Amino acid sequence: MLRRRLSSLLLRSPCSSSAVASSYQQQQHLLLPTHAEKPPALNLLRLFTSLAGTDGDRPFIAFVLGGPGSGKGTQCSRIASDFGFAHVSAGDLLRNEIASGTDHGEWILEIIREGRIVPSEITVELVRKAIESSSAKRVLIDGFPRCEENRIAFEKITGTEPDLVLFFDCPEDEMVKRLLSRNQGRVDDNIETIKKRLKVFESLNLPVVEYYSSRGKAHKINATGTEDEIFEAVRKLFSSLRL
């Protein structure tokens, strides 16, 4: 069901800006409560003002989306190796923050354990630091944006959109099977949390896919099959780009 819905979104004719806005408004009741909004740090604004300049002044930015267990992280590693991208994983950044043992990390851990979305200001700040520390001209941002709130926050600060959005389309039963079998010791790899994560993915990620589909930026990759078979489709797409 989820896969059919995603396919229909990507094949749909571009929606109007008013339809996109309406979709966003309808999703607001699903967004998780966050701490009081804080103004972005000055260095955050400086970085993204720079990124929002001419095409030659900022890196080529690709968002990589897909459900938990869709294999996007594995494919990102291969894209980074073969096409010279820096790989920024939003999930890894959050897990590294958790591993730091700070109160901040403990708070993030509790959110992830419950299968909820980490507040946008936290994720954007971690992504900002990762981009700032890299001199790469091509950047993959893996697992971001997770929701319309993430997308709007990123685009409002940067004044720009990603150059490419890669969407890994995978059936729900296959994602569950992969997550239960990977045995990486992650706190969110249990059946109860997996089901929550898939519900969050369906309710919050679909508007992001729909929006970028309407902008002609979303490219769907069939994420079933072997790792090599999936990467062959990815390779063809990236080989066709003028990077």
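The values are calculated or read from the model by the stated rules, or taken from the named source; none is laboratory data. The structure presented is a predicted model; accordingly, all values stated were derived computationally and were not measured. Positions of Cβ are generated from backbone atoms using ideal geometry, with glycine treated the same way; all protein chains shown enter the neighbour counts. Please note that ligands, DNA and RNA were not included when accessible areas were found on the heavy atoms of the full protein model with its side chains. Shrake-Rupley method; radii C 1.70, N 1.55, O 1.52, S 1.80 Å.
Key figures
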read-out	value
Subset of segment 90-118 that is in contact with a Gly (Cβ under 6 Å, 6 or more places away or on another chain) and touching a residue at least 40 places away in the same chain (Cβ under 8 Å) - its residue that is surrounded by the fewest Cβ atoms within 10 Å (Cβ to Cβ)	GLY91
Breaking point among (1) open to solvent by less than 50 Å² (accessible area, probe 1.4 Å); (2) aromatic (Phe, Trp, Tyr); (3) closer than 22 Å to VAL200 by Cα; (4) modelled with pLDDT under 95, for PHE60	(3)
PHE238 open to solvent by less than 60 Å² (accessible area, probe 1.4 Å) and more than 23 Å from ILE108 (Cβ to Cβ)	yes
Qualifying residue in segment 119-141 (condition: free of Cβ contacts under 8 Å to residues at least 12 places away in the same chain, assigned to a loop (DSSP other than H, G, I, E, B) and surrounded by fewer than 20 Cβ atoms within 10 Å (Cβ to Cβ))	yes
Members of segment 183-226 that are modelled with pLDDT under 85 and part of a loop (DSSP other than H, G, I, E, B)	ASN183, GLN184, GLY185, ARG186, VAL187, ASP188, ASP189, ASN190
Among (1) surrounded by fewer than 19 Cβ atoms within 10 Å (Cβ to Cβ); (2) modelled with pLDDT of 90 or more - the single one LYS156 does not satisfy	(2)
